[in-house]
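Every number here is computed from the coordinates shown, using simple stated rules; none is lab data. Because the structure is predicted, anything quoted here is derived from the model rather than measured. Here Cβ is always computed from backbone atoms with ideal geometry, including for glycine, and neighbour counts include all displayed protein chains.
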Amino acid sequence: MSDPETIAVYDRRAADYAARNERYVRRDPQLAAFIAACPPGGRVLDLGCGPGTSSARMAEAGLRVDATDASAEMIALAARAPGVTARQATFDQIEGTDIYDGIWAGFCLLHAPRSDFPRHLTALRQALKPGGQFAIGMKLGEGEARDQIGRHYTYYTHEALMDHLSTAGFTPASETREQGKGLDGSPADLITVICNG
């Protein structure tokens, strides 16, 4: 994510987001499935980690967690979690080959411009070890827009998202859909897809 307005929203609302996210993460079956699919002690990336609530749960399960986010305030919160290595970084700063046993991209890549999305997926596939787990959370829909508090979103249909994942070299293995409300209170069609690398 590199949109200054979106990053500024997360900097201002980091504490609010953390409080909301903590309740969700503790009951998230997809996160539990992702953790279970990673090897014991495996190295994972929590991309767009926000306040680090997912990172903390991964670390509690014994995984070695690298957490990244473009928001300095979010990284300050994530860095407090025991066992989590947190650094401020944009999606463009993820590089390397065969580093991670798993990559968790929970509702972060929906902030990437449509033109950058394929490139980001390709970089993440490269950073994932063969046979590793990749999880992505997105909001379904069409077009690009800002929400009521100024965050930029890019929406995809289910078919378009699956096409992007397959083109990048991921094999979708399971998915969960639900209705949810974001930080701005607007309802959204949410999807989380767990893929094999």
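In terms of other Cβ atoms within 10 Å, Arg27, Arg43, Arg114 run from fewest to most in the order Arg27, Arg114, Arg43. Candidates Ser2, Ala67, Ser166 compared by Cα position along the dipole of the chain: farthest toward the positive end lies Ala67, with charges placed on Cβ. Most simply put, the stretch 45-197 has about 55% antiparallel DSSP beta bridges, counting only bridges with both residues inside it. Here the chain is assigned +1 on the Cβ of each Lys and Arg and -1 on the Cβ of each Asp and Glu. Its dipole about the Cα centre then comes out at about 480 debye. Placing a pseudo-label 7 Å from each Cα along the Cα-to-Cβ vector at Thr97 and Arg12 gives an inter-label distance of 4.4 nm.
Please work out whether the stretch 71-125 counts as rounded, prolate or oblate from its C-alpha gyration tensor, where a ≥ b ≥ c are the square roots of the eigenvalues and a/c under 1.5 means rounded, while otherwise a/b larger than b/c means prolate and anything else oblate? Oblate, because a/c is 1.5 or more while a/b does not exceed b/c.
Between Gln126 and Ala160, what is 0.36 nm times their sequence separation minus the Cα-Cα distance? Round to one decimal in nm.
So the chain would gain 10.1 nm between Gln126 and Ala160.
FRET efficiency for Leu183 and Ser2, Cβ-Cβ distance as r, R0 = 30 Å, nearest 0.05? According to the calculation, E is roughly 0.95.
Once you order the gyration tensor axes a ≥ b ≥ c over the Cα atoms, which shape class does the chain get: rounded for a/c under 1.5, otherwise prolate or oblate by comparing a/b with b/c? In terms of gyration-tensor shape, rounded.
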